[in-house]
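The values are calculated or read from the model by the stated rules, or taken from the named source; none is laboratory data. From a predicted model like this one, the values you see are computed outputs, not experimental measurements. Cβ placement follows ideal geometry from the backbone for every residue including glycine, while neighbour counts extend to all protein chains displayed.
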């Protein structure tokens, strides 16, 4: 769960060598359309895995550079962590280089490498001149300190240096938060014979497992995940930040279009009205007037909309302003999602922005100070956002803790805000421990618990019961939060959504109605093992003795699984970590202790050992077991019987 899932993108002018460079880096071909290969240009986005020298694999998104295919570029670049800004050293910075760079800035992509391609056909002095020119052009931008690497995809010059820079940037990429509801903007959809419908995209939040129910938005159609691939490898679970191919059941190719979103069911709502902060590029090819018709790009979608500027009548180059956008088709966005604005006609990139509120309840009146104040408060994060941020950081918290965290003066204020967040289904209340948790994190805990139980079953195929301690340890590691104490997790596991799927039984968890399925051969093996322990009495065999006996057991792990199955069936008793006794033997020993204590109130280890006819090793282990079960109690060097049959 702690792995970094990293996406690197390309950007740059047409025919500056993006696809050829990616082929040199990865050995993979990203042009998958026949027309692309024939014409030697990328029309659509392509994908490839890049293996780093330390064994890590990062995803690479290769985007088209031609002006006509900017919308395809935007469909792929939204989920990237850093970029290779590719410039042909013989041509320098070109119009699409500049437009792509503005798009990167607007999308908040702050890390990258400037790559000068085709240096094999350029004079060294010219290469140095172009480097100096690029440094000057990017001096006031986020790429002012970006490394500049000269490469030739033909000769291989500079490729190793470029890979080293890529690895260094990958080390700094922040781990994407999997604790959120799953969302994947679809950028490709196709059908594979024998499998059916497949969609691809970059997961922007949450995680998804094989078998999960999903929803196609904005269509509102339900489906199920049949299979998942990441870097062309099958996997049971996909995470935020990964390029994923999802094989879906219940949807036809005709149902799905680029720009739609695959998500967890009942977690996201499409919208046709959004509150935003708009930022114009500088220089912008044109100004943005109030009520202008524009093209909006977010995720992998392109929709038309009309912008209502709330602070002024016109936004010019480099200016920023609050606005509402009325969309002509529904989209799926969340607060802090970024978007790009292109002019309706001609199609020129003029700006972008950040979503403040994806579901405003009304159209605002323009040029009103109270409206501006309200949106600015939302943008900065009001009390509700501070509560949510506190819960994101803490995991769980009670109202008193949230008063301290948010620095408000009254718990009444917090209580009122918590009530609204509960009504909006943004948080969940765990009544038995008086704690609140993010609704998205609650779902993450449910999915993680299910996944951990399933993984345990795969490794321990003869058991139904999964130790709670192990689940607790795994969840603490996955969430990196110490607030998930055993008591808290116990309370969460008792919530209705958990109890529909998971049983809490003593110190163990199990899937509801889960039964271990045994073959006839396995039943015969179990009977032989049990017979061996019956015959051994108070001197049971060790595991190696059983393995070397005349029983068809593959290895030590299978033996442990079989022994634990017999323990669950109450046919064997686990006395120490590696010492098992038959259940009837334990019952007989309990009766032996009762007989000893009929003659004297207390007894020693030696007296017990002599009574059962076993070595001191077995006698001590058995009495310590009886102490733990509160059948006996140790007082000095003697035992007292506490529980009679």
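Quick rundown of the values:
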read-out: Residue identified as outside the structural domain of residue 142 (by TED's automatic domain parsing), at pLDDT 95 or above and touching a strand residue (DSSP E or B) at 6+ places or on another chain (Cβ under 9 Å) among 296, 341, 325; value: 325
read-out: Test result for residue 557, surrounded by fewer than 15 Cβ atoms within 10 Å (Cβ to Cβ), modelled with pLDDT of 85 or more, farther than 14 Å from residue 622 by Cβ and not assigned by TED's automatic domain parsing to the domain that holds residue 472; value: no
read-out: Which listed residue, of 222, 275, is in a strand (DSSP E or B) and either at pLDDT below 90 or crowded, with 16+ Cβ neighbours inside 10 Å (or both); value: 275
read-out: Candidates 157, 146, 153 - the one that is modelled with pLDDT of 90 or more, in a loop (DSSP other than H, G, I, E, B), at negative phi and crowded, with 17+ Cβ neighbours inside 10 Å; value: 146
read-out: So residue 93, is it in a strand (DSSP E or B), in contact with a helix residue (DSSP H, G or I) (Cβ under 9 Å, 6 or more places away or on another chain) and modelled with pLDDT under 90; value: no
read-out: Search result, residues across region 62-90 that are in a strand (DSSP E or B) and at pLDDT 80 or above; value: 82, 83, 84, 85, 86, 87, 88
read-out: Elements of type helices (runs of 4 or more DSSP H) in region 494-579, at least 3 residues being touching a residue at least 60 places away in the same chain (Cβ under 8 Å) and farther than 20 Å from residue 626 by Cα; value: 556-568
read-out: When residues of region 619-645 are limited to those that are in contact with a strand residue (DSSP E or B) (Cβ under 7 Å, 6 or more places away or on another chain) and part of a loop (DSSP other than H, G, I, E, B), the one surrounded by the most Cβ atoms within 10 Å (Cβ to Cβ); value: 642
read-out: The one condition in (1) crowded, with 17+ Cβ neighbours inside 10 Å; (2) under 29 Å from residue 237 (Cα atoms); (3) out of contact with any helix residue (DSSP H, G or I) (no Cβ under 6 Å at 6 or more places or on another chain); (4) modelled with pLDDT of 90 or more that residue 418 fails to fulfil; value: (2)
read-out: Filter pass, residue 391 being over 23 Å from residue 216 (Cβ atoms), touching a strand residue (DSSP E or B) at 6+ places or on another chain (Cβ under 6 Å) and in the same structural domain as residue 444 (by TED's automatic domain parsing); value: yes
read-out: Subset of region 580-613 [farther than 16 Å from residue 631 by Cα and in a strand (DSSP E or B)]; value: 580, 581, 582
read-out: Selection within region 428-447 - free of Cβ contacts under 8 Å to residues at least 12 places away in the same chain and over 25 Å from residue 212 (Cα atoms); value: 431
read-out: Region 160-189: number of residues that are at pLDDT 90 or above and over 22 Å from residue 297 (Cα atoms); value: 10
read-out: Enumerated helices (runs of 4 or more DSSP H) restricted to region 410-489, each holding at least 3 residues that are in the same structural domain as residue 512 (by TED's automatic domain parsing) and under 22 Å from residue 509 (Cα atoms); value: 439-459, 468-479
read-out: The lone exception for residue 334 - which of (1) in a strand (DSSP E or B); (2) at pLDDT below 95; (3) within 26 Å of the chain's Cα centre (by Cα) it fails; value: (1)
read-out: Verdict on residue 211 being without any contact (Cβ under 8 Å) to a residue 40 or more places away in the chain, outside the structural domain of residue 62 (by TED's automatic domain parsing) and not in a strand (DSSP E or B); value: yes
read-out: Residue tally, condition under 12 Å from residue 449 (Cβ atoms) and in contact (Cβ under 8 Å) with a residue 24 or more places away in the chain, over region 472-488; value: 5
read-out: Tally of residues being assigned to a strand (DSSP E or B), in contact (Cβ under 8 Å) with a residue 60 or more places away in the chain and closer than 22 Å to residue 285 by Cβ across region 341-390; value: 8
read-out: Where residue 506 falls short, out of the listed (1) modelled with pLDDT under 90; (2) closer than 29 Å to residue 468 by Cβ; (3) in contact with a helix residue (DSSP H, G or I) (Cβ under 8 Å, 6 or more places away or on another chain); value: (3)
read-out: Options 586, 525; residue that is farther than 30 Å from residue 642 by Cα, over 36 Å from the mean Cα position of the chain (by Cα) and surrounded by 17 or more Cβ atoms within 10 Å (Cβ to Cβ); value: 525
read-out: Residues of region 178-204 classified as surrounded by 21 or more Cβ atoms within 10 Å (Cβ to Cβ) and without any contact (Cβ under 8 Å) to a residue 40 or more places away in the chain, total; value: 0
read-out: Among (1) within 25 Å of residue 612 (Cβ to Cβ); (2) loosely packed, with under 13 Cβ neighbours inside 10 Å, the one test that residue 540 misses; value: (2)
